[in-house]
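Participant: Input: one structure, supplied below.
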């Protein structure tokens with residue numbers, strides 16, 4: 001498998017989602033990721049997920065999803081000898097990622113400036129809700145908090161139901177992707193400029209992806225509004241009822257609209273003054289949707305999907321997650337990895353890989369998510385600690 005980050009060691013001091021997701025992407029790209037966890041339970045995600053028994057074992061589904069390909073060492077960063085261990089780890093690493101609240105690492109004596117003494121070329125990435133400065137720097141932030149404060153929730157849902165949160169932790173995930181992109185950029189220039197301090201704000205990362213909605217306000221002075229399944233820029237473009245479900249249609253171009261009219265057996269819609277031109281269709285969106293759904297009621301989602309695509313009209317069914325994972329399109333493209341009889345889990349674990357391929361191959365990790373502290377002794381030995389040293393560290397509860 002392609003490993004563009006081979007030879008890069010990443011120290012993952014993160015919890016729950018944004019940070020672990022960042023480091024998970026780096027692991028897929030070939031980086032050696034060492035997850036540095038507290039001995040008292042480790043990553044909180046170990047206790048989260050849909051399987052209560054796995055939560056009790058410290059191998060929650062939420063943890064399994066973002067931590068394959070990593071090794072786990074437990075270190076008490078508040079213990080003097082634990083900090084000694086950590087300093088050795090830092091000396092041999094190229095990247096450190098943390099998502100503590102701003103100032104926590106500094107109070108431990110392990111902030112960016114302090115660690116530069118041990119490794120001047122270290123790429124240090126700090127992920128937080130609002131950034132390392134500003135009036136909200138110390139405020140706690142979780143995904144839903146950021147969704148609400150970014151304006152994302154205000155434009156999600158229909159006018160009568162909004163605001164709604166997006167149905168998965170999108171702000172956390174965007175924050176993690178932003179951090180992974182920034183780390184890769186810093187690594188690309190590391191030989192020229194040395195280490196970098198990367199300040200990732202989840203709020204800013206989320207808003208940076210809201211380009212059209214934000215620009216409509218910044219440039220045109222138009223505040224974005226919730227529109228349900230409708231597309232703000234085009235009509236007909238949204239979800240339409242068929243005889244047995246919902247069908248997404250995106251007839252954004254004039255020729256696509258005309259083809260849609262022909263396929264559904266309503267060619268007269270293309271010359272109706274209410275719908276003939278793009279702006280007219282936006283003004284009469286509801287009337288057009290009613291006409292289209294009246295025609296679609298005669299057939300199934302599957303029928304109309306294939307008929308529209310064959311005519312060059314972008315369309316697709318609205319699937320559940322299980323349906324999406326079962327589709328043939330994904331079956332041959334290795335989107336997921338399987339690990340059999342994972343220690344601590346006792347059964348097969350499937351995880352998602354990256355959303356891209358490199359030269360026809362999808363990056364992958366080769367090891368399952370680790371048990372808490374599973375690799376502590378092996379990593380300490382690599383750092384030069386003897387068996388007696390390790391025993392002493394354990395006795396002192398430094399690791």
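Participant: Any chance you could count how many residues in region 304-321 are outside any helix (DSSP H, G or I) and farther than 14 Å from residue 245 by Cβ? Give the derivation first.
Facilitator: Taking region 304-321 and keeping what is outside any helix (DSSP H, G or I), we get 311-320.
Subsequent filtering for residues that are farther than 14 Å from residue 245 by Cβ retains 311-314.
The number of residues fulfilling the criteria is 4.
Here's the yes/no breakdown for (1) under 18 Å from residue 61 (Cα atoms); (2) not assigned by TED's automatic domain parsing to the domain that holds residue 77:
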residue: 306; (1), (2): no, yes
residue: 341; (1), (2): yes, no
residue: 361; (1), (2): no, no
residue: 373; (1), (2): yes, no
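Participant: Being in contact with a helix residue (DSSP H, G or I) (Cβ under 8 Å, 6 or more places away or on another chain), outside any helix (DSSP H, G or I) and modelled with pLDDT of 95 or more is the filter here; which residues of region 202-222 pass it? Write out each step before concluding.
Facilitator: As a first pass, look at region 202-222 and keep what is in contact with a helix residue (DSSP H, G or I) (Cβ under 8 Å, 6 or more places away or on another chain): 202-203, 205-210, 213-214, 222.
Now narrow it down to the ones that are outside any helix (DSSP H, G or I): 209-210, 222.
Once the filter is applied, which keeps residues that are in contact with a helix residue (DSSP H, G or I) (Cβ under 8 Å, 6 or more places away or on another chain), outside any helix (DSSP H, G or I) and modelled with pLDDT of 95 or more, region 202-222 yields 209, 210.
Participant: Considering each of 325, 282 in turn, give the residue that is within 36 Å of the chain's Cα centre (by Cα), assigned to a helix (DSSP H, G or I) and within 30 Å of residue 31 (Cα to Cα).
Facilitator: Working: 282 fails: within 30 Å of residue 31 (Cα to Cα).
After ruling out the rest, the residue left standing is 325.
Participant: I would also like to ask the following. Only one of these is modelled with pLDDT of 95 or more, under 18 Å from the mean Cα position of the chain (by Cα) and within 17 Å of residue 99 (Cα to Cα): 19, 69, 49, 42. Name it. Break it down into steps so the answer makes sense when it comes.
Facilitator: On the way: 69 fails: within 17 Å of residue 99 (Cα to Cα); 49 fails: within 17 Å of residue 99 (Cα to Cα); 42 fails: under 18 Å from the mean Cα position of the chain (by Cα).
From the options 19, 69, 49, 42, the qualifying one is 19.
Participant: Restrict the check to region 179-192 and report whether at least one residue is closer than 18 Å to residue 97 by Cα, surrounded by fewer than 16 Cβ atoms within 10 Å (Cβ to Cβ) and in contact (Cβ under 8 Å) with a residue 24 or more places away in the chain.
Facilitator: First, the residues of region 179-192 that are closer than 18 Å to residue 97 by Cα: 179-190.
Okay, now just the ones that are also surrounded by fewer than 16 Cβ atoms within 10 Å (Cβ to Cβ), so 181, 185, 188-189.
Those left that are additionally in contact (Cβ under 8 Å) with a residue 24 or more places away in the chain: none.
No, region 179-192 contains no residue that is closer than 18 Å to residue 97 by Cα, surrounded by fewer than 16 Cβ atoms within 10 Å (Cβ to Cβ) and in contact (Cβ under 8 Å) with a residue 24 or more places away in the chain.
Participant: Step by step: first the residues of region 107-140, then only those that are in contact with a helix residue (DSSP H, G or I) (Cβ under 6 Å, 6 or more places away or on another chain) and within 15 Å of residue 18 (Cβ to Cβ), then the one that is surrounded by the most Cβ atoms within 10 Å (Cβ to Cβ). Which residue is that?
Facilitator: 125
Participant: For the subset of region 330-363 comprising residues that are assigned to a strand (DSSP E or B) and in contact with a helix residue (DSSP H, G or I) (Cβ under 8 Å, 6 or more places away or on another chain), which member is farthest from residue 71 (Cα to Cα)? Explain how you work it out, then say what you get.
Facilitator: Restricting attention to region 330-363, the residues satisfying the condition of being assigned to a strand (DSSP E or B) are 336-339, 349-352, 358, 361.
Imposing the further condition that a residue be in contact with a helix residue (DSSP H, G or I) (Cβ under 8 Å, 6 or more places away or on another chain) reduces the set to 336, 349, 351-352.
Details: 336: 20, 349: 17, 351: 16, 352: 18 Å.
Selected residue: 336.
The values are calculated or read from the model by the stated rules, or taken from the named source; none is laboratory data. It should be emphasised that the depicted structure is a prediction, and the values quoted were computed from it without experimental measurement. When we count neighbours, we look across all protein chains shown, and the Cβ atoms used for this are built from the backbone with ideal geometry, even at glycine.
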